[in-house]
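Below is one structure, written out as structure tokens; comments come after it.
Derivation of every value follows stated rules applied to the coordinates shown; laboratory data play no part. Predicted model, so just to flag it, every value in this text is computed and none were measured. All Cβ positions, glycine included, derive from the backbone under ideal geometry; neighbour counts span all protein chains shown.
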Amino acid sequence: MLKRVISLSLCLMILLTAFVGCAKKEKDPNDKGAFVTMYLSDPVYNFDPALAYQNESVLKVASLMFETLFKLDGNGKIKKALAKDYDIIRNEKANEYKMIITLNTTRWSDGTSVTANDVVYAWKRLLNVSNSFDAAAMLYDIKNAREAKAGDASIDDVCVYALNESQVEIQFVGDIDYDRFLLNLTSCALAPLREEIVTSTTDPFDWAKKSSMFFASGPFRLKEVSYAEESAGLVLERNSYYYRNTEEDSIDKYVTPYRLIIDYTKTDEEIMQEYQNGNLFFVGDIPLSVRGNWKDTATVTDALSTHTYILNSNAIVRYYNQRGFEKLSSNESVFDASLVAGEDGDQIFANAKVREALSLALDREAIANAIVFAKAATALVPYGVFDYTSKKDMFREVGGDVLATTANMAAAKEALTASGIDASKYMFAISVASYDDVHMEIAKMVQTSWNQLGFHVAVNAIDEVENKDKDKTTKDAIAGIRDDMFAENYAAGNFEVAAIDYTAFSADAFSVLAPFAKGYTGGAATGENSVEFSIPAHIAGYDCGEYNDLINGAFNAPTKEARTEMLHQAESVLLRDLPVIPIIFNQNATLAREEISKYDFTYYGTPVFTEMKLKDYMNYIPEEEKEKMKK
């Protein structure tokens, strides 16, 4: 009996000692959280969420900084995010249908509350008749939205209102498909924005280029970005106000990592060596030159994105001359529509048979194999896009293959003969962002195929340039930011052929197909007043009555079955006419070391690092940062 008492006493003493030890172990007050080194994406020059759909790198970063009202989780389910709740109100007698969305309490990274006014402003920005945003059509269910975009109503007539700081009221054109509208609200393009920030610069797109110029509503803010060769990099830091009650909640309650650090100074080989050595914990974009070594190791998913060539039907494609082609090939002469209007040439891309020939000449399978993490494009709408509002049925699986994946050079030459065009007479350039190795590799392969048809094809590798615009308040030049001249030339229509990642705005096929229809392009209307306003066609110059009718019919379809059938028909018409040439379906390929955990991805493939944990993270914090923490 005595032995039992002694044993129990010893056990109690050991337990008490353990509890006391645990009680004494407190978190270092200087410990802010993990510094996670990673290679998330290629360099990004503009973080505007509404412009994040022509290059996948932008979307990966912007999605970490801008909170959407709803999220589409990895399983394809719509989840509330900034939206705390919503109510649908139907009044059939009065023909009034509306939704009231109540927002969660959260703040921008400067401590300012995210409000209903920020939602209203962001949406009206897309719908403003003077602005060009492809995502605008996703808001056409709102009463007077389509009319405002066409210049037939004032932007003030658009029926979306801030009832108070936390409630948004949306009035609809009728008893719409509310599930589909909520799906649209998972798009980063519709994320709330602050008017005073967006309008602070002389150029309306400069606001989202520098860390000191804008604030984040998402879990991370832009701490710093550098494009200097010797120090190029990107640092995202915890938004310490993200859903947090600053008086009650610990600083890391809602965002676990402190900083995400991306170094752009390293070569492809150095990036992967750092990963193997345990100095880099996540690779969100495996460099092209080393992809073959990692194809069996990476986690690969569909990216809801199609690498696509946009053919400018309005471009005057110049007659070939050796001196002009040498300049074009050396990037000394980037295409500019305003400069070539008087030169000799023809609008050969307005000829459907020419476009058909260019498409038939491509070996999409070979291109996909060269890119490694890709599938040969069999249509425009990529894998992952829903046939309706859930992943139960996929648009691509229902629609099947529309395009061949291997080249048919004989058929391509037949189509060219039928076009009446002598390919050897013409020279043109493929415009491509110089900083994107994948896009550059595809351009070279396409160039080879089109040269075989007889055309003289150059690749214009377009660089970013130092920004010269000024801050509206200080009137000083905004230092340290770059202009992505590829993106700006594309937006201005200054291209013959442009290479873009055509990314779905949402998992709804309508968001992919609608922008090619007149009235749904989202382009800025031209004209001095509402009587003279002219609704623009797609930037490619495509304006097909049959296609326009199908998209309009899908928008107004009485049933989901009729809508999806029209969208499939529309895609077939688009790929019959080929104003755009799909090349590959992009895939997301990522690598993560075992030291990190609790990270995730949305259905769109964008990363979720809010709860990411790094084992023994204090061991990886640079000494200079530890010293800063102590001060």
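Distance from the alpha carbon centroid of region 141-167 to that of region 257-302 works out to 44 angstrom. Per-residue extension of 0.36 nm, minus the Cα-Cα distance of Ala491 and Asp437, leaves a gain of 17.3 nm for this segment. In the neighborhood of Ile596, defined by Cβ-to-Cβ distances under 13 Å, what is the net charge if each Lys or Arg adds +1 and each Asp or Glu adds -1? For residues surrounding Ile596, the net value is -1.
With R₀ fixed at 22 Å, the C-beta to C-beta distance from Asp463 to Asp268 puts the FRET efficiency at about 0.70. Remark: region 477-631 carries a charge dipole of roughly 580 debye about the Cα centre, counting +1 on each Lys and Arg Cβ and -1 on each Asp and Glu Cβ.
Entry note: region 91-187 has Rg to Rh equal to 0.98, where both radii use alpha-carbon atoms and Rh is the Kirkwood radius. Full extension of the chain segment joining Lys598 with Ala228 gains 129.9 nm, where the gain is 0.36 nm per residue of separation less the Cα-Cα distance.
The convex hull defined by the C-alpha atoms of region 508-631 has an orientation-averaged projected area of 15.2 nm².
Taking +1 at the Cβ of each Lys and Arg and -1 at the Cβ of each Asp and Glu, which of Thr378, Tyr254, Ser113 sits farthest along the dipole of the chain towards its positive end, judged by Cα position relative to the Cα centre? It is Tyr254. Here the spin labels are modelled as points 7 Å beyond Cα on the Cα-Cβ line, and at Ala410 and Glu624 they lie 6.5 nm apart. Size descriptors for region 26-142, from the alpha-carbon set: Rg then Dmax equal 18.3, 63 Å. Between amide H atoms placed 1.01 Å from N, distances below 5 Å from Ile584 occur with His307, Ala377, all of them 5 or more places distant or on a separate chain. Under the classification rounded if a/c is under 1.5, otherwise prolate if a/b is larger than b/c and oblate if not, where does region 490-581 fall, given a ≥ b ≥ c as square roots of the Cα gyration tensor eigenvalues? It is oblate, given that a/c is not under 1.5 and a/b is not larger than b/c.
Comparing Tyr617, Tyr320, Pro287 along the charge dipole axis of the chain, the residue lying farthest to the positive side is Tyr617, per the Cβ-charge model. Note: region 365-508, Cα convex hull, 172 Å³ per residue.
Spin-label model, Asn245/Ser390: points 7 Å from Cα along the beta carbon direction are separated by 3.6 nm. Computed across region 335-431, the Kirkwood hydrodynamic radius from all distinct Cα-Cα pairs reaches 16.1 Å. Dipole check for the chain: with +1 at the C-beta of Lys and Arg, -1 at the C-beta of Asp and Glu, and the Cα centre as origin, the magnitude is about 2000 Debye. Of the residues Ala366, Trp450, Thr389, the one whose Cα sits farthest towards the positive end of the charge dipole of region 337-462 is Thr389 (charges of +1 on Lys and Arg Cβ, -1 on Asp and Glu Cβ, taken about the Cα centre).
A Förster radius of 45 Å, combined with the Cβ-Cβ distance separating Thr202 from Asp296, puts the computed FRET efficiency at roughly 0.35. Both radii are taken from the alpha-carbon atoms of the chain; with Rh as the Kirkwood radius, Rg/Rh is 1.01.
Residue separation of Asp31 and Asn369 scaled by 0.36 nm, minus their Cα-Cα distance, works out to 117.1 nm of gained length.
Rounded to the nearest 500, the helix-only mean residue ellipticity at 222 nm of the chain stands at -8500 deg cm²/dmol, with each DSSP H run of n ≥ 4 adding -39,500 (n - 2.57).
The modelled label-to-label distance between Ala94 and Glu565, using points 7 Å beyond Cα along the C-beta direction, is 3.6 nm.
With R₀ fixed at 45 Å, the C-beta to C-beta distance from Thr102 to Arg323 puts the FRET efficiency at about 0.10. Counted by Cβ distance under 9 Å from Asn117, the other residues give a net charge of -2, where Lys and Arg count +1 and Asp and Glu count -1. Taking Lys and Arg as +1 and Asp and Glu as -1, the other residues whose beta-carbon sits under 14 Å from that of Gln167 total -3. Each semi-axis of the equivalent ellipsoid for region 263-418 is √(5λ) with λ an eigenvalue of the Cα gyration tensor; in descending order they amount to 35, 26, 15 Å.
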